[in-house]
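Have a look at the structure below before the remarks.
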Amino acid sequence: MDKEGTHVEKTKKEIELHCKKCNQRLMDYTLQYNSEAIVIQGITMKCHRCKRVFIMKKYTEGLLTGHACGNILKV
């Protein structure tokens, strides 16, 4: 809350997930500011450009923000 009693919303930060082989943009994730909670689990993604398939397991926001360069994470 600010001085007037109104709620001030945090700026929403997004992390873009890119394929590390061909740099194709796969999806965006909006941060919820909880670095310990598992946020991406059991999601299978396929890159339509290079046909690479991978399963996201036990990704936390701390891992996403720690390994991202700017707001881009290559998986």
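What to note about this one:
- Full extension of the chain segment joining Ile38 with Asn23 gains 2.9 nm, where the gain is 0.36 nm per residue of separation less the Cα-Cα distance.
- Counting only protein heavy atoms and a 1.4 Å probe, the chain has 74 square angstrom of accessible area per residue.
- Number of Lys pairs (Cα under 21 Å; 8 or more positions apart or on different chains) in the chain: 18
- Residues whose amide H comes within less than 5 Å of that of Met27, counting only those at least five positions distant or on another chain, are Leu17 (H built at 1.01 Å from N in the peptide plane).
- On a per residue basis, the convex hull of the C-alpha atoms belonging to the chain measures out at 103 Å³.
- Per atom type, the chain shows carbon and sulfur on 50% of its accessible surface, probed at 1.4 Å.
- Here the Karplus curve 6.51 cos²θ - 1.76 cosθ + 1.60, taken at θ = phi - 60°, turns the phi angles of the range 18-25 into couplings of 10, 6, 6, 7, 10, 6, 6, 6 Hz, with x standing for Gly and Pro.
- By the beta carbon rule, with partners counted only under 4.7 Å, the chain holds these lone Cys residues: Cys69.
The values are calculated or read from the model by the stated rules, or taken from the named source; none is laboratory data. The shown structure was predicted, so the numbers you read here are calculated from the model rather than taken from an experiment. All Cβ positions, even for glycine, are placed from backbone atoms using ideal geometry, and neighbour counts span all protein chains on display. Side chains included, ligands, DNA and RNA excluded: accessible areas come from the protein's heavy atoms. Shrake-Rupley method; radii C 1.70, N 1.55, O 1.52, S 1.80 Å.
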